Amino acid sequence: MSTFPTTTPFVPPFKSDDGIGIALAVQVPANARQGHPIALGNAGFFGIPRTPRATAETIASGQAAAGLRAGEATTYFPGVGMAIRVGTLPNDIALWSKVYQAPDGTYTGTEGGNLFVGWRFPRDMVGVRYNS
């Protein structure tokens, strides 16, 4: 695994190990099925649950994947190379929506003339897209 200097915002556990995408434990819709794409948010973003969605019952019985909370599944995000913590994101950027970086380095949900860098992930992280 790569080692990053401590001054970088990169979070090594959330980087792609396969060069294709990352997987994180996130809240998923009740109809999410392991191995099937699910829409997240309203911006065309999707993930693929790698584990069944945890419920209070599966957690209590020990059948849920380790570390999951009720409503979560370990979810794979194709096309996302890493998730970085960027500090507090503006409230106008909804969860799973596109995130842009303005020329002054601030983050915004507005496309006009700004650089598309990825999608808003939980806990004020940005899932950084691969360059295309």
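Each value in this text was obtained by applying a stated rule to the coordinates, not by laboratory testing. Nothing here was measured: the structure is a model prediction, and the numbers come from that model. Cβ placement follows ideal geometry from the backbone for every residue including glycine, while neighbour counts extend to all protein chains displayed.
Could you work out the Kirkwood radius for segment 70-132, taking every pair of different alpha carbons, averaging 1/r and inverting it, reported in Å? Present the calculation step by step, with values, prior to reporting the outcome.
Numbers: mean 1/r = 0.0823 Å⁻¹.
It works out to 12.2 Å.
Could you compute the net charge surrounding GLY47? Neighbours are other residues with a C-beta less than 14 Å from the C-beta of GLY47; K and R count +1, D and E count -1. Each step should come with its number before you reach the end.
Details: positive: ARG33, ARG50, ARG53, ARG120, ARG129; negative: GLU72.
Neighbourhood net charge equals +4.
Taking 0.36 nm per residue of sequence separation and subtracting the Cα-Cα distance, how much length would be gained by fully extending the chain between ARG33 and ALA102, in nm to one decimal? Please list the in-between numbers first.
Numbers: separation 69, 0.36 × 69 = 24.84 nm, distance 3.68 nm.
Extra length from ARG33 to ALA102 when fully extended: 21.2 nm.
Fewest Cβ neighbours within 10 Å first, please rank THR51, THR106 accordingly. Working shown, then result.
Working: THR51 21, THR106 13.
Lowest count first: THR106, THR51.
What does the convex hull of the alpha-carbon atoms of segment 13-129 project to on average, in nm²?
Values: hull surface 30.9 nm².
Averaging across all directions leaves 7.7 nm² for the Cα convex hull.
So between ALA56 and ASN42, what do we pick up on full extension, going 0.36 nm a residue minus the alpha carbon distance? The partial results should precede the final answer.
Working: separation 14, 0.36 × 14 = 5.04 nm, distance 2.71 nm.
Extra length available between ALA56 and ASN42 comes to 2.3 nm.
Counting only C-alpha contacts under 8 Å and six or more residues apart, can you give the relative contact order of segment 13-129 as a whole percent?
Details: 256 pairs, mean separation 29.0, N = 117.
Across segment 13-129, relative contact order equals 25 percent.
Check each of the trypsin sites (Lys or Arg not before Pro) in segment 30-132 and keep only those in coil by DSSP with at most 16 other C-beta atoms within 10 angstrom; list them in order. Don't skip to the answer; put the middle values down first.
Numbers: sites: ARG33, ARG50, ARG53, ARG69, ARG85, LYS98, ARG120, ARG123, ARG129; in loops: ARG33, ARG50, ARG53, ARG69, ARG123.
Those satisfying the criteria are ARG33, ARG50, ARG69, ARG123.
With a point put 7 Å past each Cα toward its Cβ, work out how far ALA70 is from THR88 in nm, to one decimal.
Label-label distance for ALA70 and THR88, simple model: 3.0 nm.
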